[in-house]
Each structure stands twice: as structure tokens, then as C-alpha cells.
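Student: Would you mind keeping the following structure in view while I ask a few things?
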Amino acid sequence: MIKTLLYPFKRFAWFKRLNAKVTYELLAKHIPAQDWHFMNYGYDPNANETPLVLDEVPMQRYPLQMYHYLAAKTNLANQTILEVGSGRGGGARHLASFYKPSSYTGMDLAHHAVDLANQLHNVPNLKFIQGSAEKIPLADSSIDVVINVESCHAYGSVDEFLKEVKRVLKPGGHFLMVDFRYAVDMPTLKNQLANCGLTMLEEENITPNVIKAIEQEDDKKKERIQRLIPTKWQKLFSEFAGVVGSKFYNNLKDETRYYYRYVMVKNS
Ligand SMILES: C[S@@+](CC[C@H](N)C(=O)[O-])C[C@H]1O[C@@H](n2cnc3c(N)ncnc32)[C@H](O)[C@@H]1O
């Protein structure tokens, strides 16, 4: 009912900004679970990608892999990294520890998510700050790699975001992004990326990898939802979390939504 009432507003930039802010502030404030570190749908790697061996098997292996294999597209060691839309910070923590950048800044619109991430993740080269993707609070040409995981679908203006990415990147710097769109909105995203002033190096449809991840993680995800989410919110949250059978999962399966991975560079 609420969803139907809100549907007509979804195309307005102001509504998208408000929706993202309210949703992610509430999630971080009301579900501060210490072992819930990721909010993406997960990634099952291709056979030709190097298997990830970890000392500890993480609670959310597939969402962690979304970060790991995206970051594997460029060199992070000794680089200055900005992640836009870092959420609860699990991806930032993994990349800052595994790939050893000189500094990693996770930035998110939601104050509560930033506070939670700073509290949960204690890695020397890592910090979390509050800020908007459409007005990044960092200097021009100060960043080697910008990372963006399943976040820009929520922005008021993707064009403004891409302008900001280009501004903060050093010449030769990389932009790594994964996100989903409805099939009908894919041409708009393609146009935005083609006209943002960065050069596309790789563009990959990873929908099958995401579907597989959702399927493989489903039992654990459902168990977590039962444990962490109050009963009256579990149905709504299962949709948000994209369990098998949810609208999101079905859309990926019937190809009315796609999930893509992009690697771009700012020319020197
Ligand atoms: C689906 S979550 C993904 C979080 C994280 N990347 C992950 O994979 O776990 C989307 C995140 O984008 C953030 N976000 C939405 N709009 C934003 C904006 N305009 N600027 C910065 N962050 C934003 C949200 O607060 C949320 O934490």
C-alpha cells in the first residue's frame, strides 16, 4: 500500500535523495547488529577469477566478494581510495586490509551508517566520513581510485555524481562501479557513463553472478532476517534484502533488471 502511494514520486530527484537518506539512517540506527557489515546482493566469481582464500570465513561471503573482485580490476596498493556509499563499512574494511592502500576513506550520506562503520571497523588506514555523492567534500585531483558499490541507483542526480568523481580523481585515476538498473533504464545509465568525461575500460553484465550469489546465500540470509529483524518487518525486509522469490530476484531472473560492473579511467 505505502509502496503504491509512493511510486509516482520515484522519478523525482528530491524524492530519491530523501528516500535514500531516511531508509539508510533508519537501518543503521535501528539495526546496529555488529555482524551485519554489507548491504549489496553479492557476487559469485567467474571461473577465471582467482579464488579468494581468507583466514576467517566471513558471515556475508558473497557481498564481500562483490567488493573483492571489483577492486581486483585495478591496483589499490599504496593508493588513495575513496568509496562513495560505503554503508556499514564491511567492503571498505576488507579492501583496506587486503589490498593495503595508503588511505581508504568510506563516505556515506547516512550519519548513522558512518558512526556505525567507524565503531565497527578499526583498521589504521581506514576512516569513514559523512558526505553526499553529489557534492563530495574532497579536493580536486586528490584520489587514485573511486569505488562505488550498489549505491548510485539511489542518487538524485547520477550526472552530478559522475562530475564529482571526475573532479576528485587524479589524472590516470580509476573509477570502479557496480550497480543495477531496470532494463528500460539501462540506456540512460549507458549515456550518463559515455558522456561523463571518463574513458570506459570494461563493461560487464554480472547479472548471472549476482543471481548465483543470491541463491547460494539464501538460507543464511533468511536465518539472519529471522534473528535480527522484528517479526512485523520481516516480509518487507526480505524484499529489500532480495531473497530468492523477492521482486528483485525475479526481475534479475526474467531480465527486467540488470546488474553491471564498470571500470573507467580519467585520462592523463
Ligand atoms: C545498498 S547500500 C550499499 C552499501 C555498501 N556499498 C555495501 O555494498 O554494503 C547503498 C548505500 O548508498 C548510500 N547512499 C545513498 N545515497 C547516497 C548519496 N547521495 N551519497 C552518499 N551515499 C549515498 C546509502 O546511505 C547506503 O549506505
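The values are calculated or read from the model by the stated rules, or taken from the named source; none is laboratory data. Computed from a prediction, not measured in an experiment: that's the story for all the values here. Cβ coordinates were reconstructed from backbone atoms using ideal geometry, including for glycine residues, and neighbour counts include every protein chain displayed.
Student: Which residues, taken from the range 61-91, are outside any loop (DSSP other than H, G, I, E, B) and closer than 17 Å to ALA133 by Cα? Spell out how you get there, then give the answer.
Tutor: Just the residues of the range 61-91 that are outside any loop (DSSP other than H, G, I, E, B), to begin with: 61-71, 80-84, 90-91.
Correct list: ILE81, LEU82, GLU83, VAL84.
Student: Could you check ALA183 against (1) touching a residue at least 40 places away in the same chain (Cβ under 8 Å); (2) among the hydrophobic types (A, V, I, L, M, F, W, C); (3) under 23 Å from ASN78 (Cβ atoms) and say which number it fails?
Tutor: Among (1) touching a residue at least 40 places away in the same chain (Cβ under 8 Å); (2) among the hydrophobic types (A, V, I, L, M, F, W, C); (3) under 23 Å from ASN78 (Cβ atoms), the lone unmet condition for ALA183 is (3).
Student: Related question: Wholly within the range 178-268, which helices (runs of 4 or more DSSP H) include no fewer than the required count, namely at least 3 residues that are of a type in the set (Val, Ile, Thr)? Please lay out each step first, then the result.
Tutor: Values: elements: 186-194, 207-228, 234-241, 247-253.
The helices (runs of 4 or more DSSP H) meeting that bar are 207-228.
Student: Further question: Examine the range 178-192 for a residue that is within 17 Å of ILE81 (Cα to Cα) and either within 15 Å of the ligand (Cβ to nearest atom) or aromatic (Phe, Trp, Tyr) (or both), and state whether such a residue exists.
Tutor: At the first step, the residues of the range 178-192 found to be within 17 Å of ILE81 (Cα to Cα) are 178.
If we keep only those that are either within 15 Å of the ligand (Cβ to nearest atom) or aromatic (Phe, Trp, Tyr) (or both) too, we end up with 178.
Among the residues of the range 178-192, at least one is within 17 Å of ILE81 (Cα to Cα) and either within 15 Å of the ligand (Cβ to nearest atom) or aromatic (Phe, Trp, Tyr) (or both), which makes the answer yes.
Student: When you look at LYS10, is it surrounded by fewer than 16 Cβ atoms within 10 Å (Cβ to Cβ), within 16 Å of the chain's Cα centre (by Cα), at negative phi and within 16 Å of the ligand (Cβ to nearest atom), yes or no?
Tutor: Working: surrounded by fewer than 16 Cβ atoms within 10 Å (Cβ to Cβ): yes; within 16 Å of the chain's Cα centre (by Cα): no; at negative phi: yes; within 16 Å of the ligand (Cβ to nearest atom): yes.
So LYS10 fails the test.
Student: Mind listing whichever residues of the range 146-177 are aliphatic (A, V, I, L, M), within 15 Å of the ligand (Cβ to nearest atom) and in a strand (DSSP E or B)?
Tutor: Residues of the range 146-177 that are aliphatic (A, V, I, L, M), as a first pass: 146-147, 149, 154, 158, 162, 165, 168-169, 176-177.
Pick out the ones that are also within 15 Å of the ligand (Cβ to nearest atom) and you get 146-147, 149, 154, 158, 162, 165, 168, 176-177.
VAL146, ILE147, VAL149, LEU176, MET177, listed by residue number.
Student: Have a look at GLU223, GLU239, GLU203, GLU217 and point out the one that is among the charged types (D, E, K, R), under 22 Å from VAL158 (Cβ atoms) and either touching a residue at least 60 places away in the same chain (Cβ under 8 Å) or surrounded by fewer than 16 Cβ atoms within 10 Å (Cβ to Cβ) (or both). It would help to see each step written out before you state the result.
Tutor: Numbers: GLU223 fails: under 22 Å from VAL158 (Cβ atoms); GLU239 fails: under 22 Å from VAL158 (Cβ atoms); GLU217 fails: under 22 Å from VAL158 (Cβ atoms).
Unique residue meeting the criteria: GLU203.
Student: Taking LYS21 as meeting all but one of (1) of a type outside the set (Asp, Glu); (2) within 16 Å of the ligand (Cβ to nearest atom); (3) touching a Phe, Trp or Tyr at 6+ places or on another chain (Cβ under 9 Å), write down the number of the exception.
Tutor: Among (1) of a type outside the set (Asp, Glu); (2) within 16 Å of the ligand (Cβ to nearest atom); (3) touching a Phe, Trp or Tyr at 6+ places or on another chain (Cβ under 9 Å), the lone unmet condition for LYS21 is (3).
Student: Return yes when ARG88 is under 13 Å from the mean Cα position of the chain (by Cα) and either farther than 24 Å from GLU160 by Cα or in contact (Cβ under 8 Å) with a residue 24 or more places away in the chain (or both) and no when it is not.
Tutor: Numbers: under 13 Å from the mean Cα position of the chain (by Cα): yes; either farther than 24 Å from GLU160 by Cα or in contact (Cβ under 8 Å) with a residue 24 or more places away in the chain (or both): yes.
Taking the combined requirement at face value, the residue satisfies it.
Student: For THR188, indicate whether it is of a type in the set (Ser, Thr, Tyr) and within 16 Å of the chain's Cα centre (by Cα).
Tutor: On the way: of a type in the set (Ser, Thr, Tyr): yes; within 16 Å of the chain's Cα centre (by Cα): no.
So THR188 fails the test.
Student: Taking only pairs six or more apart or across chains, which ones have beta-carbon atoms under 6 Å, a first residue in the range 92-105 that is in a strand (DSSP E or B) and surrounded by 20 or more Cβ atoms within 10 Å (Cβ to Cβ), and a second residue that is of a type outside the set (Val, Ile, Thr) and at pLDDT 95 or above?
Tutor: Close Cβ pairs satisfying both conditions: TYR104/ALA92; TYR104/ALA96; TYR104/ASN125; TYR104/LEU126; THR105/LEU82; THR105/LYS127.
Student: Report yes if some residue within the range 30-42 is outside any loop (DSSP other than H, G, I, E, B), over 19 Å from the mean Cα position of the chain (by Cα) and closer than 23 Å to LEU109 by Cα; otherwise report no. Walk me through how you get there before you give the answer.
Tutor: First, pick out the residues of the range 30-42 that are outside any loop (DSSP other than H, G, I, E, B): 30.
Narrowing the set further to residues that are over 19 Å from the mean Cα position of the chain (by Cα) leaves 30.
Next, only the ones that are closer than 23 Å to LEU109 by Cα stay: 30.
So far as the range 30-42 goes, yes, one or more of its residues are outside any loop (DSSP other than H, G, I, E, B), over 19 Å from the mean Cα position of the chain (by Cα) and closer than 23 Å to LEU109 by Cα.
Student: For the range 121-134, which residues satisfy the criterion of being touching a residue at least 12 places away in the same chain (Cβ under 8 Å), out of contact with any Gly (no Cβ under 6 Å at 6 or more places or on another chain) and more than 9 Å from the ligand (Cβ to nearest atom)?
Tutor: Hits for the range 121-134 are VAL123, ASN125, LEU126, LYS127, ILE129.
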